[in-house]
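Below you'll find the structure, written out as structure tokens, and then a few comments.
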Amino acid sequence: MSLFRLRAIVLPGALIALAATSATARSRKISPDAPAASASQSQRMIIQYYTAPSASETTQIGHLGGQLRNVLGSINAVVSDLPPSQLDVLATDPNVKYISVDRPVMAYQAVEITGAEYTTEPINAPQVWQRGYTGTNVGIAVLDSGVTPVADLGDSPLSLVTGLLSAGGGADSGVAGRIVYSQNFVPDENDALDHYGHGTMIAGLIAGNGARSTGVQFFRTFRGSAPDADIVNLRVLDENGAGTDSSVIAAIEEAIKLRDRFNIRVINLSLGRPVYESYTLDPLCQAVEQAWKAGIVVVVAAGNDGRDLNMNPEGYGTINSPGNDPYALTVGAMNTMETASIQDDIIASYSSKGPSFIDDVIKPDIVAPGNLVTSLEYPQDPLADDNPSFYTWYSFYQTHGAEIPSQYYFPMSGTSMAAGVVSGAVADLLQAAPKLTPDQVKALVMVSADRSYFPLSSSVTADGIVYKANYDVFTIGAGYLDLANTVNAALQHVSIPAGTATSPTAVYDPDTGDTTAVIAPGALWTTSGPWSAAGVYGSRAFVSSGSGSDPLWGSTALWGNNDPNGFSELWDSTILWGKGTPEAATILWGKSGTDSQTILWGKSDPDDSETSVQY
């Protein structure tokens, strides 16, 4: 793989004082990355309350020298600029649940290219299309950098979309093709067009119909997994692919409001950030849960940090928020090795691995194609322009095509792309079985996944470093998405146990060396049969204990004593589940401050406009 050039982003205030601020030195209601009380500059914070804040409580913010910026009613929260010295005072309000920084989020994308990779064939989507399930009339909210209209997002393979798509302040305008609604949530921006390139690419992987690659002159057509689905474009990322928690939460709230109007059944979140606290307090996770409970499947990228070896030799514990939420359908990325068959596919080495930081949730839930997958490009597309070594030659899909880069398609890699593939697949499933709830969708997708072929391990070497992946539940979740198998199960009226489909939690027993999957109360996963942990994740990854929960790794299982370095370091008492969350977080996400600006997305250099990142 060759080099990917990513614009360097210095994340404003997200990691300041992470190592210096002890969780025990301040109220437990204040997030560990909050600025120190001695800091002079106001910080934008999200304040969650147990019940909707009263007028007197919002007025108190002003009395403390703060300024109210937004109300996030779905999670009983407000967004306010506050002096750091007043955070402890505000935390004394018994109705205040948690105060966190309005953190930055970013898009995920991760190269000599010899051929186009596959996206829909490995998940058996064409078999589902032949039965008429193409996502028709299913709305998918894409919360990303915006979507620019192109032919492949039109109403038919022959349509050419023209005109601008712009919206601001909440009104939809410029509806084009199957982009049925558009709204901007980026501050100081006036339109919902894609000024970065990521959102349009994700929309293509979800709902592209192959208009620019359909006809007798083409031997391959680039379609998304739901080529007739509708796109609800909610722009939350700017021209650098960066946004904030509050913008994403506001867009999630809007998707909930628009659910019935546009039949929004899926939200795609190909974005994220580090985990700083339990998902039960994380405002981004709490918003995801509100959408889920409103009847919307929330598909989230796992993150691209599987090569972060700061905590252990194999990149465990690197799932990002909100992919750490047990309700979300979290997606890791596979490399299809330029073939339609899955038999030679391997996990992408950058795909983030579980368990989740702090809560130990078993993630990802599923894996899907995401490496070098081809999707939509538009004129002056910044992502394509900034990555000239990424290209899809005409010869990759035209019968007599020249070996020059296409003007309409180009490839990218990342769990962002895999999430888009899954979002479209969920739309197909919901067209086939529209009465399914989000929990039933997640359960069917996971239990119907393909786990039959995976190797025990694979490795990739880059810059002299060997990146190893074990094919366990923290790497591949329940397995490889199989859309045809999932739809068949839904149409056969497979009985799903009552309850939620929340992802299990991993618990390590240092006395026995076993890691156990613990099912949350009220979850539908059972202790035996196809809906048990072993049934969902595959029997070879488990050793049954007969105690109502399933050990993930014992001495005879995939991992355990066969991989002592990764095993012991993952569960070391001073690292992932260590004595202090801020210290562990510093190990995972990199030190911050004036001496170092190593962050989640790589080292940033203020004197260099670009940062090189290997994938």
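We did not get these values from a lab; they are worked out from the coordinates using the rules stated. Here the structure is a predicted model, which means the values were calculated and not measured. So basically every Cβ, Gly included, is an ideal-geometry build from the backbone, and we count neighbours across all protein chains shown.
Compute the separation of the alpha-carbon centres of region 125-153 and region 307-386 and state it in Å as a whole number.
Between the Cα centres of region 125-153 and region 307-386 lies a distance of 21 Å.
So how long is each side of region 45-147 along the principal axes, counting just the alpha-carbon atoms, biggest first, in Å?
61, 38, 22
Restricting the calculation to Cα positions, tell me the Rg (one decimal) and the Dmax (whole number) of region 107-473 in Å.
18.7, 56
What does the charge add up to near Ala77, with Lys and Arg as +1, Asp and Glu as -1, over the other residues with Cβ less than 12 Å from its Cβ? All intermediate terms of the calculation are to be shown ahead of the outcome.
On the way: positive: Arg69, Lys97; negative: Glu57, Asp102, Asp245, Glu253, Asp282.
Net charge around Ala77: -3.
Taking K and R as +1 and D and E as -1, what net charge do the other residues with C-beta under 11 Å from the C-beta of Tyr453 add up to?
On the way: positive: Arg451; negative: Asp344, Asp345, Asp450.
Surrounding charge for Tyr453 is -2.
Step through the residues of region 398-412 one at a time and calculate ³J(HN,Hα) from phi using the Karplus curve (6.51 cos²θ - 1.76 cosθ + 1.60, θ = phi - 60°), rounding each to whole Hz and writing x for Gly and Pro.
Karplus-based 3J(HN,Hα) across region 398-412 equals 9, 4, 10, x, 7, 8, 10, x, 5, 8, 10, 9, 7, x, 9 Hz.
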